[in-house]
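One structure is given below, encoded as structure tokens.
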Amino acid sequence: MKTNNSISLVYFDGNEVYNPEKGSVDIVDKVEKKYPCFINFQRKSTSFAEYGLKEEVLMNVRFLQAVKPFKYALYMGEKYYPIDSVFNGKESYTLRKGTI
């Protein structure tokens, strides 16, 4: 089955190391893997009713296969963090847009 969307999931088994030059936390030993999926974005009224978030961009992702728990996802140059998951035959996640 073909899907028109794919998303990169980022896993890491290593440590997070603080980089004082950048002022950020770098991830050591991260693994990025691309998965086919179905993606829908929630309307702001729905995201407020379900999660109490007014101005956040929320994305629903349904995978065609089982995926391991991940740290964050990359889609169209944006970073998304998991906030909710449902495992009902097909794995579904609700992701919240963050900063890179």
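Observations
- Residues located in the stretch 14-30, provided they are open to solvent by 80 Å² or more (accessible area, probe 1.4 Å) and modelled with pLDDT of 80 or more: 18, 20, 21, 22
- Top-ranked residue in the stretch 45-56 [being over 23 Å from residue 90 (Cβ atoms) and open to solvent by 100 Å² or more (accessible area, probe 1.4 Å); ranked as modelled with the highest pLDDT]: 55
- The residue of the stretch 62-81 that is farthest from residue 25 (Cα to Cα), among those that are hydrophobic (A, V, I, L, M, F, W, C) and buried (at least 16 other Cβ atoms within 10 Å of the Cβ), is 63.
The values are calculated or read from the model by the stated rules, or taken from the named source; none is laboratory data. Keep in mind that this is a model prediction, so the values were computed, not measured. Virtual Cβ from ideal backbone geometry, glycine too; neighbours counted across all protein chains shown. Keep in mind that these areas ignore ligands, DNA and RNA; they rest on the heavy atoms of the full protein, side chains included. Shrake-Rupley method; radii C 1.70, N 1.55, O 1.52, S 1.80 Å.
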